[in-house]
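Notes for the one structure printed next.
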Amino acid sequence: MPQSTLQKLILRSAAGGVVASLAMANGGCSSNRPPAAASNQSFAASGVTSAAGIDDRWASVVLDDAQRTEVMDALRGAVFGETAPLCVAEFGVRFEDVPRAIMTAAPTVEMALMKQTFIPAVASVTFLDPGGQEAVASIDLRRMTALSKVEYLIPGDDVAEPASRLLDSINGLLWSNDTFFAGSTTHRRESARAEVEGVQAVRILEAAVKKSGGTPLSSKFEPEKYQIELMMLDDQPARIEVRREPDPKVLSWKAWAGTFPLPEKASALGTAFDEALRAWGRTPLPAKVRDVSTDQE
């Protein structure tokens, strides 16, 4: 093939590619530019010559009155029934604000949040079974459900059958109570306090133990709590434990700092946490947590 013919083909191919690129950039036949899938940051002055600046004129949208009304109507249409009013914390602090408060407090005392663990409330009864063996029956009062278990101090094959019978008895009493755990997740999320569910859980355990022929010896209730682990600038650990308490106290906490105790660091952590809790307590939130309905009744 002659040299001039090859050059003409190359030039034509390049020109066709440029035309196709321009057509794609212009959105075909449309004269309106499509919204850019980008943030409102511009890298034009970043010093990177190979990266074109982002046109941020399309990165955000301001709704007109008609669009705003349409969005609000759609949001309201997703809500059924009576909505809970917003209010500040009745007693100054809320147990539910603990995760937010520690994230606010940790940076102010130069600590890094490493781990948060939520431990459900637990009601338990120590008893002697019909054969005279000691065991513990318990109910974990989790946020969305309840879990029962029976543990013998001396496990073995001979205790498997009585443990299974007692579990059946506990679960039967537990889930037949319409006003307790099986009734609604609302009560499950908002309480788990000793004077409400703790008392009922202990009564259920004691009744189940007696029904199976056992003898209750003692009972105990541990409220739900958070265990939070942090790290200081010198790589030493810190920790704070928060327990739910009956109103009006709401909660209690205890802080530790240092591999070897550093009381001043622990005190600073506790003070910052308490201040953050009270600041979040001034933020209006629903007065009462309720179940979310997905179908209109």
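Read-outs: derived from the displayed coordinates by stated rules, not from any lab. Bear in mind that the values here come from a model prediction, so they are computed numbers and not experimental data. Every residue, glycine as well, gets a Cβ built from its backbone with ideal geometry; the counts of neighbours run over all protein chains shown.
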Proximal charge balance of ALA238 [Cβ under 13 Å; K/R count +1, D/E count -1]: -2
Part-to-part distance (alpha-carbon centres) for region 229-251 and region 149-177, which is given in Å: 35
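Holding the Cα-Cα limit at 25 Å, pick out from LYS115/LYS149; LYS115/LYS225; LYS210/LYS249; LYS220/LYS265; LYS225/LYS265 the pairs that are longer than that.
Checking Cα-Cα distances, LYS115/LYS149; LYS210/LYS249; LYS220/LYS265 exceed 25 Å.
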Selection of trypsin sites (Lys or Arg not before Pro), region 133-169, meeting DSSP coil and at most 16 other Cβ within 10 Å: ARG143
Filtered GluC sites (Glu not before Pro), region 65-101: DSSP coil and at most 10 other beta carbons within 10 Å: GLU82
